[in-house]
Amino acid sequence: MIDFEIKLKSLWRSKDGVDIERPFLYFISVKSSDGAVYTYVGKARDEARLHEYRRNMLKIHARRERGKSQNYRAVHFALYSALRNDWEIDFFPLENCEKGQLNELERQRIRERCCNLNGARTWRVAQLDQVSLHGLVRTSAT
């Protein structure tokens with residue numbers, strides 16, 4: 001059995017110059033054992049957002065739904081798969097910005113980095129054994 005608590009503690013990598021107590025963008029990259037790379041840019045108002053990923057990984061591991069009407073996103077499946085299969089994970093803050101700039105800057109960074117997990121399909125934990133990253137991701141970044 002994988003010790004998710006230990007793996008989750010080392011999931012997030014700090015980056016000098018980004019204050020995670022202020023609004024910021026973050027980047028997640030997962031490289032699967034077959035060499036496929038899955039990327040995501042997200043936004044956060046503060047560090048609390050990062051704790052949500054930890055909680056979601058623990059929920060998935062326990063096969064609990066995210067919420068009654070809230071699906072998991074492809075980025076959750078990518079992280080969970082990476083933790084489960086010892087794939088390479090890069091998860092770090094990109095940059096600070098003003099709260100009013102978060103949405104536009106996030107869209108810009110998604111385009112620049114050709115992120116394939118942003119805008120991908122969502123899923124429920126009941127589908128965990130049938131879902132695949134390939135089936136969730138977008139075929140082209142916009």
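Computed from the coordinates by the stated procedures, all read-outs in this text should not be read as laboratory data. As the structure is a prediction and not an experimental result, all values here were calculated from the model. So basically every Cβ, Gly included, is an ideal-geometry build from the backbone, and we count neighbours across all protein chains shown.
Data overview
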| quantity | calculated |
| --- | --- |
| Cα shape, region 1-116, gyration tensor, a/c 1.5 rule | prolate |
| Tally of Lys pairs whose C-alpha atoms are under 18 Å apart, taken over region 4-136, 8 or more apart or cross-chain | 6 |
| Estimated dipole of region 4-136 in Debye, rounded to 20 [Cβ of Lys and Arg +1, of Asp and Glu -1, Cα centre] | 540 debye |
| Helix 48-61 axis, angle to the chain major axis (alpha carbon atoms, nearest 10°) | 10 degrees |
| Average Cα contact separation per residue, the chain, under 8 Å, 6 or more apart, as relative contact order % | 33 percent |
| Ordering of 88-100, 59-71 by burial proxy (mean other Cβ atoms within 10 Å per residue, highest first) | 88-100, 59-71 |
| Computed [θ] at 222 nm, helices only, for the chain once each DSSP H run of length n ≥ 4 contributes -39500 (n - 2.57) | -9500 deg cm²/dmol |
| Angle between the chain longest axis and helix 74-85 axis [Cα atoms, degrees, rounded to 10] | 60 degrees |
| Listed residues N71, G35, I20: farthest to the positive end of the dipole of region 4-136 (Cβ charges) | N71 |
